[in-house]
Every structure is written in structure tokens, then in C-alpha cells.
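The values are calculated or read from the model by the stated rules, or taken from the named source; none is laboratory data. Model, not experiment: these values are computed from the prediction. Using ideal geometry, Cβ is built from the backbone for each residue, glycine included, and neighbour counts are taken over all protein chains shown. Only protein heavy atoms, including side chains, enter the accessible area calculation; ligands, DNA and RNA are left aside. Shrake-Rupley method; radii C 1.70, N 1.55, O 1.52, S 1.80 Å.
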Amino acid sequence: MTKQRLYSGMQPSADSLQIGNYIGALLQWRGMQDEYDAFFSVVDLHAITVPQDPAQLREKTRRTAAQYIAAGIEPSRSTLYVQSHVHAHAELAWILSTITGFGEAGRMTQFKDKSQKQGADATSVGLFTYPVLMAADILLYQTDVVPVGDDQKQHVELTRDLAERFNSRFGDTFTVPNPVIQSETARIYDLQEPTSKMSKSAESHAGVLWLLDEPSITAKKIMRAVTDSEGSVRYDRAAKPGVSNLLTIYSAITGRPVAEIEDEYAGRGYGDFKKGLRDVVVAEFEPVRARALELLADPAELDRVLAANADRAAEVADATLAAVYERVGL
Ligand code: ADP
Ligand code: NA
């Protein structure tokens, strides 16, 4: 039996990924590589929907790819490439935009949130059509499953609608993909503001654990994480968001159930618990960080791997795009 196709990606919006990206995306992706024919993209075309510095963008793109590999995405097994290297993404996005309703695109809540923050004049049309580009990303590879955070669920729904619409108007062309929504328990919050999602685009970095931070910095951030005055290591998301978040991280990295970790630290203070977590996270990050830095020390080799993977991606993408051109009369 041939394997089902999987597609996912991340924006190169920072020099380092954060622990939420690692737990919520990279660890899941790594575990899905055997079961699926997987395509993992660094979505640099998406990143320019907000203003960018060209040299920094190119560097962040490389760094993001290096962290994918360092975290265990194998470019010899999965297809790991940079979105802009495969021209079919932008081309298919244009065609899909012609079958997307203006009102339909206007209902995307992520656009409404982001554009409200930026104001109408600072908001680009590219940010508005971002979900159409995402649909193109997914549909080009005849994708069966798309692992995403729940904030992307609406975009995958749009992708499904566009695939069905295209198929019924022009004949069967696209596989209709299914989202795999990451579980709530894999959601990581900011260590200083444990009710906000940890994000690589957060304004303050004090509560963000970066994959590429020096171990001593990671250790400090964990020891300074916000907790509460109760003093017991107990999971209660509403009443104890800080401690619950630390328990989530501990459990996700060790693979141990939260209840077992609560038992281990019963009757001990937050200091002990944080030291335990510090050791777990520092040990987990250390080889990932070392491998990423090693890959980044040889950019020519990294670029060669990415180019070879882009060729592989383009083979699949170009075949889909050729069928699309033919069907629509181009
Ligand atoms: P960020 O907010 O860090 O910029 P993105 O929105 O680019 O992250 O998401 C990239 C991937 O990382 C997605 O799969 C998303 O679900 C996952 N992710 C991002 N932040 C977190 C988090 N705090 N907890 C769990 N998963 C996360
Ligand atoms: Na982001």
C-alpha cells in the first residue's frame, strides 16, 4: 500500500524556534515520518506578508530548516524544503484566488485579528490572501493529512472547500485533505504570562524558551517561571496556569503522564520541581542545539540538501500544476 501524504510547515519568523514549536510541531512531525510520505516546508513566502529585512529573512529561513533537521526531520526520508524554491506555490495560489470568494476570504479570523492590530493601511493584500497560498501549499502535494494548531483549522477548512469547488467545476484534480488538530495538552504557554500561548513572534522574550538559547539561559528562564503561592505541584489549568504549563512541558518531553510527575513531586516545593524540569529541558535541547549549530556552520552543504529536496518537491508540485493549467484552459 502506498503511504498517505502529509504536509506541514512553519514560518521563518525568528532566529530560533521556541519550545512550543518543538513540542507542538517538530516532535509530532518527527513521529509521523514513517507512517506518511511527508512534506515539510519552511514557508518564506508566507513570512513576507508582514515587512521583512531581506538578509535576515534568508538567514532565518536557513536557521529554521537547520532546526527541522536537528530535531529529527530527515531530509533523506521526508521532503524538507523552502517554499519559495518551488515556484508552483505562488502560481497555484493565483489560480485558487480566482475561485475564492472575497467574502469567504474576509471571514478568516486570523486575518481579522492581525489586520486589526496593524491597521488597514499597514495591512497588505498578501496577508489577506495568505490562506489561499496555504491552500496551494497543501493541494499541490495531493495531501491527505495536515497536522496544524487549532488556530489554523479554519484555513484547512477553506482549503477543503477550494479543493471540492475546483474538482466539481473542472474535474477531479485535488485530494481533499483532512486536518489533524494538535491536542490542547500539547499547547505551551509563555513562562512569564502563562495564559498567553508561547510564540516566536512574542514581543517580550523573557518567558520564551528558545531551542538555540545557551543552556544557562534556558535554565534561568525555567527557574524564574511564574508559578503561584499554593506551593503544590498540581495540574489545574484555570487556577494554576503557570504550574500546569510547566507540567505540560515536563510530560511532553519525557513522555510521562502528568499524574506520575505530580506524584513524584508531591510534598516537595516548586524549587525542586523547576530543577527537575530544567534538567529535562536542557538535556533535550542540548543535542538539538549542537546539531543545528553544526549544520549552520556549513551553509553550502545545508543549501545543497535544501536544493535537492526542493527538486523532489517540485516534481510532485509541477505535475499537479500542469494538470490544473490544463483543466482551467491555460
Ligand atoms: P509561533 O507562534 O511560534 O510563530 P507558528 O504560528 O508559526 O508559531 O506555528 C508553527 C507551529 O508550531 C504550528 O504547528 C503551531 O501549532 C506550533 N506551535 C506554535 N506555538 C505553539 C505553542 N505555544 N504550543 C504548541 N504548539 C505551538
Ligand atoms: Na507566528
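Values as computed for the structure displayed
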item	result
Scan of the range 21-56 for residues that are under 14 Å from the mean Cα position of the chain (by Cα) and under 22 Å from THR185 (Cα atoms), ordered by number	ASN21, TYR22, ILE23, GLY24, ALA25, LEU26, LEU27, GLN28, TRP29, ARG30
From ALA90, ALA55, ALA65, ALA25, residue being in contact with a strand residue (DSSP E or B) (Cβ under 7 Å, 6 or more places away or on another chain), of a type in the set (Gly, Ala, Ser) and away from ligand 2 (no atom under 16 Å from the Cβ)	ALA65
Residues satisfying the stated conditions in the range 274-295, i.e. in contact (Cβ under 8 Å) with a residue 40 or more places away in the chain and in contact with an Asp or Glu (Cβ under 9 Å, 6 or more places away or on another chain)	PHE285, ARG289, LEU295
Test: SER196 is within 14 Å of ligand 2 (Cβ to nearest atom) and open to solvent by 20 Å² or more (accessible area, probe 1.4 Å)	yes
Residue, most open to solvent (accessible area, probe 1.4 Å), within the range 28-51, restricted to residues that are within 12 Å of ligand 2 (Cβ to nearest atom) and of a type outside the set (Gly, Ala, Ser)	VAL50
Conditions (1) within 16 Å of ligand 1 (Cβ to nearest atom); (2) open to solvent by 20 Å² or more (accessible area, probe 1.4 Å); (3) out of contact with any Pro (no Cβ under 7 Å at 6 or more places or on another chain): number failed by ARG58	(1)
The lone exception for ARG165 - which of (1) within 14 Å of ligand 2 (Cβ to nearest atom); (2) surrounded by 15 or more Cβ atoms within 10 Å (Cβ to Cβ); (3) of a type in the set (Lys, Arg) it fails	(1)
So TYR250, is it within 29 Å of ALA66 (Cβ to Cβ), within 16 Å of ligand 2 (Cβ to nearest atom) and open to solvent by less than 70 Å² (accessible area, probe 1.4 Å)	no
Subset of the range 203-239 [within 16 Å of ligand 2 (Cβ to nearest atom) and open to solvent by 30 Å² or more (accessible area, probe 1.4 Å)]	GLU203, SER204, HIS205
Any hit, the range 110-121, residues being touching a Lys or Arg at 6+ places or on another chain (Cβ under 9 Å) and open to solvent by less than 30 Å² (accessible area, probe 1.4 Å)	no
Meets criteria (touching a residue at least 40 places away in the same chain (Cβ under 8 Å), within 10 Å of ligand 1 (Cβ to nearest atom), touching a helix residue (DSSP H, G or I) at 6+ places or on another chain (Cβ under 6 Å) and over 15 Å from ARG63 (Cβ atoms)) for ILE23	yes
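The rows are residues; the columns are (1) more than 30 Å from SER97 (Cα to Cα); (2) more than 16 Å from ligand 1 (Cβ to nearest atom); (3) in a helix (DSSP H, G or I); (4) of a type in the set (Ser, Thr, Tyr).
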| residue | (1), (2), (3), (4) |
| --- | --- |
| LEU162 | no, yes, yes, no |
| THR185 | yes, no, yes, yes |
| LEU191 | yes, no, no, no |
| SER199 | no, no, no, yes |
